1. Taking loop as defined by DSSP and a crowding limit of 12 other beta carbons within 10 Å, which chymotrypsin sites (Phe, Trp or Tyr not before Pro) in segment 467-571 fit?
2. For the chain, which whole percent of the accessible surface, found with a 1.4 angstrom probe, sits on carbon and sulfur atoms?
3. Taking square-rooted eigenvalues a ≥ b ≥ c of the alpha carbon gyration tensor, is segment 346-483 rounded, prolate or oblate, where a/c under 1.5 means rounded and, failing that, a/b exceeding b/c means prolate?
4. What would the Debye equation give as log₁₀ I(q)/I(0) for segment 333-405 at q = 0.15, 0.20, 0.21 Å⁻¹, counting only Cα atoms as equal point scatterers?
5. Given Cα positions, please report Rg to Rh for the chain, the hydrodynamic radius being the Kirkwood one.
6. For segment 276-327, what size does the Cα cloud have along each of its three principal axes, sorted from largest down, in whole Å?
7. Compute the Cα gyration tensor for segment 54-119, then decide on rounded, prolate or oblate, letting a ≥ b ≥ c be the square roots of its eigenvalues: rounded whenever a/c is under 1.5, prolate when a/b is larger than b/c in the other cases, and oblate in all that remain.
8. Please report Rg over Rh for segment 223-270, where both radii come from the alpha carbon positions and Rh follows the Kirkwood definition.
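The values are calculated or read from the model by the stated rules, or taken from the named source; none is laboratory data. Quick caveat: nothing in here was measured; it's all calculated off a predicted structure. Glycine also receives a Cβ, built like all others from the backbone with ideal geometry; neighbour counts cover every protein chain displayed. These accessible areas exclude ligands, DNA and RNA; they are computed on the full protein's heavy atoms, side chains included. Shrake-Rupley method; radii C 1.70, N 1.55, O 1.52, S 1.80 Å.
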Amino acid sequence: MAKDQKTDRPDNTVSNPLSKPFSRRNFLTGTSAAGLAAAASPFAASQAANAAPTTPDGTPEQIHLTWGKDPARSVVVSWASAAQATNPRVHLGHDKHFGRTISAVQKTYTDGLNGQTVFTYHAQLEDLSPDSLHHYSVTADNDSNAAAPFAATFRTAPCGRAPFRFTSFGDLATPVTAWVLSYGQSAFAVQAVEQFQPLFHLLNGDLCYANLNPTVQPTVWADFGNNNQASAANRPWMPCPGNHEIEFYNGEQGFTSYLTRYALPHNGTRFPGRWYSFQVGTVLFISLQADDVIYQDGGPFVGGPAPLVPAASTGNATIEPGTSFYIHGWSGGEQTRWLELTLREASKDDDIDWIVVQMHQDALSSSKTGNGSDLGIRQAWLPLFDKYGVDIVVCGHDHDYERSFPVRGFNHDAGQDIATGAPVDTFQPNPAVDATNADGSLDTGKGTIHLILGGGGTSAPLDVYGVDPGDGAPQAKLFTKPNRPIPSPTTPGAFIRNPADAVEDAIWSATRDTGTGYGLAVFDVDPGREGGKTSITINYYHAPGADKVPTPNYELFETTVLSKHAKRHRR
Ligand SMILES: [Fe+2]
Ligand SMILES: [Fe+2]
């Protein structure tokens with residue numbers, strides 16, 4: 001595998017997987033993808049060598065839960081099936097006798113590159129009892145397991161001032177190592193979530209890297225869905241779209257596959273599903289789509305020299321070398337206006353003590369082998385996080401672990417252009433020196449903590465960090481402008497995207513895990529008493545050795561306690 005396929009850096013291309021050997025699994029969905037073989041023969045050869053698949057039917061697979069608008073009372077059960085399901089439905093109850101039947105809504109799309117049609121189903125479960133265990137099963141009239149359909153349980157969120165646990169990582173991929181960036185750790189990562197038994201999990205973008213496997217995108221999604229079902233069928237997994245959810249010919253921003261597979265809380269705008277919020281206990285969770293504001297070009301990219309040729313059945317034109325799907329500014333400012341409105345309301349809401357933001361890309365990352373930080377997020381959103389007191393930002397994108405100090409405000413003109421050495425205003429985040437309490441806990445009322453949690457399960461850990469060669473202090477690289485494709489200086493007819501263009505001293509960086517890029521964060525919320533102290537304890541567990549061999553063993557790396565005064569209700 002070429003080095004540039006193994007990383008999440010912007011020089012990734014989507015054309016290289018054609019040179020990979022094909023497994024039987026990807027053949028099963030590749031019957032209409034012959035047109036994609038124009039640039040390489042292994043695909044066609046693999047097709048001919050494999051037996052026909054069994055007859056597809058409506059058997060549920062890729063089963064996963066998400067919260068509805070009110071996590072105490074509403075949950076959505078989503079799944080897919082290989083063929084159209086007849087009478088898809090969920091049976092629901094407080095025990096295995098169920099009692100309620102909820103019909104599912106079908107959503108489909110046809111992949112714009114290989115022409116495969118994907119069938120997904122979404123059952124909205126409403127009027128649930130808060131803080132209660134629910135039993136459910138998923139089936140259809142043409143479910144091959146109809147005699148004993150898939151069944152599981154989930155717990156609804158508690159109401160009001162109640163303790164709960166959530167977990168988080170991004171950049172999961174799949175355990176099917178035939179796919180670019182997939183790796184066995186992604187199965188252990190799902191197991192790890194289950195071991196910690198959170199109420200729900202935040203999945204911070206770059207779900208499965210289907211866009212790096214352009215001939216078989218729906219199959220990669222299916223492998224992802226069937227891997228995370230081991231946890232996501234038992235507790236909601238709340239995602240945000242990352243750069244690898246952007247797919248050629250799959251919708252205006254490339255999110256059609258993502259949006260078809262996930263039913264997420266409405267944001268009340270003309271862009272449903274791309275961003276949203278929900279509240280559990282005294283914590284407001286805000287999930288954002290950061291490609292809207294970042295400068296870096298990290299979407300799908302045909303590096304060439306061969307073009308990417310969609311299957312003839314799609315009717316889609318050949319994608320020429322040097323083409324990237326760059327969606328900066330895609331919401332026309334609507335996402336940022338929604339964010340400000342949502343934050344303003346939260347800051348005035350006495351029932352909300354904490355605000356946690358989820359997004360994929362990073363405002364504060366000092367990874368050297370990864371992407372680094374992006375000025376776009378700092379300019380568009382960090383002033384809002386400061387103004388309205390966001391406590392925690394969880395991200396992914398760089399496949400490592402880094403925690404910032406609480407930061408508030410910026411230092412200006414503190415950066416340097418890598419090419420010229422000229423000063424650059426990187427909006428260097430300013431550590432809030434007074435944010436450490438006497439007991440060692442951190443007061444996020446004085447600054448926002450950024451956590452890079454990109455160690456889900458990809459094959460490319462990026463846990464090497466920048467160091468200032470002059471003084472040995474942490475150094476971060478940044479994108480301060482778009483890195484659109486340019487002709488390759490070495491390969492005729494090919495194109496590249498440059499890495500970050502500036503550096504700054506990472507004075508905001510508190511901890512970097514140099515031991516391994518893999519891990520997950522466990523957050524325990526203690527709501528305290530009204531007007532008293534409230535805390536969130538963050539335990540980050542990492543998986544030593546996983547950079548070399550996948551491992552089920554996660555060990556505590558560090559504990560960070562955030563504490564502050566809970567709001568007092570006005571009466
Ligand atoms: Fe990633
Ligand atoms: Fe990413």
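1. Details: sites: F479, F495, W508, Y518, F523, Y540, Y541, Y554, F557; in loops: W508, Y518, Y554.
Listed in order of number, the matching sites amount to none.
2. On the way: 10510 of 19930 Å².
Carbon plus sulfur share of accessible area: 53 percent.
3. Working: a/c = 1.66, a/b = 1.41, b/c = 1.17.
Note, shape of segment 346-483 comes out prolate.
4. Computed log10 I(q)/I(0) values: -0.54, -0.88, -0.95.
5. Numbers: Rg = 23.0 Å, Rh = 23.9 Å.
Result for the chain is an Rg/Rh of 0.96.
6. 52, 29, 12 Å, listed from the longest principal axis down.
7. Values: a/c = 2.96, a/b = 1.66, b/c = 1.78.
The shape class here is oblate.
8. That ratio is 1.00, to two decimals.
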